[in-house]
Amino acid sequence: MCKIFAFVLISFMMFATVQAAETTRDSKIKVVVQVSDEDPRKWNQALGNIKNIQRDLDASHVEIELVAFGPGVAMLKADASTAARVSEAKADGVILNACQNTMAAMKLTPDDMNPVVTYVPSGAGEIVKKQHAGYTYLRP
Amino acid sequence: MCKIFAFVLISFMMFATVQAAETTRDSKIKVVVQVSDEDPRKWNQALGNIKNIQRDLDASHVEIELVAFGPGVAMLKADASTAARVSEAKADGVILNACQNTMAAMKLTPDDMNPVVTYVPSGAGEIVKKQHAGYTYLRP
Amino acid sequence: MCKIFAFVLISFMMFATVQAAETTRDSKIKVVVQVSDEDPRKWNQALGNIKNIQRDLDASHVEIELVAFGPGVAMLKADASTAARVSEAKADGVILNACQNTMAAMKLTPDDMNPVVTYVPSGAGEIVKKQHAGYTYLRP
């Protein structure tokens with residue numbers, strides 16, 4: 001009986017240890033930054049906040065995704081006042097996602113957008129999914 | 001001694017398993033959406049975001065509660081420009097909560113409100129409680 | 001063998017129990033409130049929300065930190081329209097942090113600020129760190 005007992009015990013310990021490891025596996029802090037305002041000052045604030053987070057938390061320990069939706073999508077257009085800073089953010093490792101729902105409503109195509117931009121079906125949905133996956137949320 | 005030992009071990013394993021189950025019990029993604037702005041464009045943005053989340057994440061896998069407080073409470077009034085869309089959101093399974101603190105300050109009673117609305121003592125308190133209970137937070 | 005076995009088992013149970021305790025150790029609900037808007041109505045809304053959270057959740061069970069950055073830092077200046085309410089919040093146990101990045105950009109020194117204010121290197125970084133440490137997030 002003692003052998004079965006030991007086997008069950010060891011199996012359980014391995015299972016519990018794996019579970020604990022899952023929780024702490026990825027030590028990077030992940031941040032999802034929302035831009036949904038029309039105001040270009042908010043766009044610049046978002047980009048400034050991202051730079052400050054990278055400096056304050058050490059860029060190598062942090063993973064940042066910006067999600068633009070609603071009137072905020074205009075921030076990621078090729079001709080936006082923020083275009084140069086958006087490209088710079090990409091070079092600094094930031095993912096920049098535009099909402100395809102908004103783009104369809106505004107009749108925008110990828111040709112209108114900054115070439116560094118990537119796409120998500122729903123900006124609001126992306127914010128929810130990322131938080132659910134453990135990202136912290138910042139809305140500048 | 002071995003029997004006591006086995007009993008303690010099995011009790012502990014059951015306890016640990018129940019704890020793990022608690023954490024993952026409810027697989028629905030829960031979202032609390034805050035409306036605290038005066039601007040009706042933000043009210044419509046909130047309702048549009050909710051529709052997009054329900055479409056993007058599949059309405060049957062997501063549970064959404066909108067909480068209006070401060071100037072945002074006006075969105076849930078019976079005569080609000082958003083009244084029809086608010087009723088439609090309710091029909092789509094969204095909970096729509098108005099802050100009673102704000103209503104008292106604005107001298108509003110349930111008679112002034114959209115009949116689909118429910119109430120919470122404090123809108124800000126509700127946002128905190130829901131996040132603490134695992135809801136993701138969206139402020140459009 | 002049984003003694004070694006018992007020793008390993010008891011060690012593991014102690015470890016697992018400590019881990020579980022870590023997670024639930026602090027039963028206080030912690031909230032980080034962001035002020036990054038220029039509009040003094042948002043500053044007053046933040047202070048009102050904090051009062052309501054303290055009343056709704058019971059002040060002794062909640063720990064609140066306000067973080068002001070960008071144009072929101074002006075809320076914590078000695079001559080702000082909100083100065084008296086800010087001092088009152090401090091007396092009610094709220095931590096009030098101003099962003100040093102913003103202060104440098106605005107050429108503000110601690111002499112310009114409300115004496116109850118404390119400082120963080122980056123306001124946006126602080127929001128991320130606190131959420132990562134389990135704080136709920138409120139942006140009024």
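The values are calculated or read from the model by the stated rules, or taken from the named source; none is laboratory data. Keep in mind that this is a model prediction, so the values were computed, not measured. Note: ideal-geometry Cβ built from the backbone for every residue, glycine included; neighbour counts use all protein chains shown.
Here C:Val31 does not qualify as under 24 Å from B:Gly123 (Cβ atoms) and part of a helix (DSSP H, G or I). Restricting attention to region B:77-121, the residues being within 18 Å of B:Leu138 (Cβ to Cβ), out of contact with any Ser or Thr (no Cβ under 8 Å at 6 or more places or on another chain) and aliphatic (A, V, I, L, M) number 4. Once region B:14-37 is narrowed to residues that are more than 11 Å from chain A (Cβ to nearest Cβ) and modelled with pLDDT of 95 or more, the residue that is surrounded by the most Cβ atoms within 10 Å (Cβ to Cβ) is B:Val35. The set of residues in region B:89-132 being more than 9 Å from chain C (Cβ to nearest Cβ) and in contact (Cβ under 8 Å) with a residue 40 or more places away in the chain consists of B:Ala89, B:Asp92, B:Val94, B:Val117. If you go through region B:41-61 and pick out every residue that is surrounded by fewer than 18 Cβ atoms within 10 Å (Cβ to Cβ) and facing chain A (nearest Cβ under 9 Å), you end up with 2.
Quick check on my filter: what residues within region A:69-128 are exposed (fewer than 14 other Cβ atoms within 10 Å of the Cβ), among the aliphatic types (A, V, I, L, M) and under 22 Å from B:Gly48 (Cβ atoms)? Passing the criteria: A:Ala104, A:Ala105. Looking across region C:62-83 at every residue that is of a type in the set (D, E, K, R) and within 14 Å of chain B (Cβ to nearest Cβ), the one that is nearest to B:Glu38 (Cα to Cα) is identified as C:Glu65.
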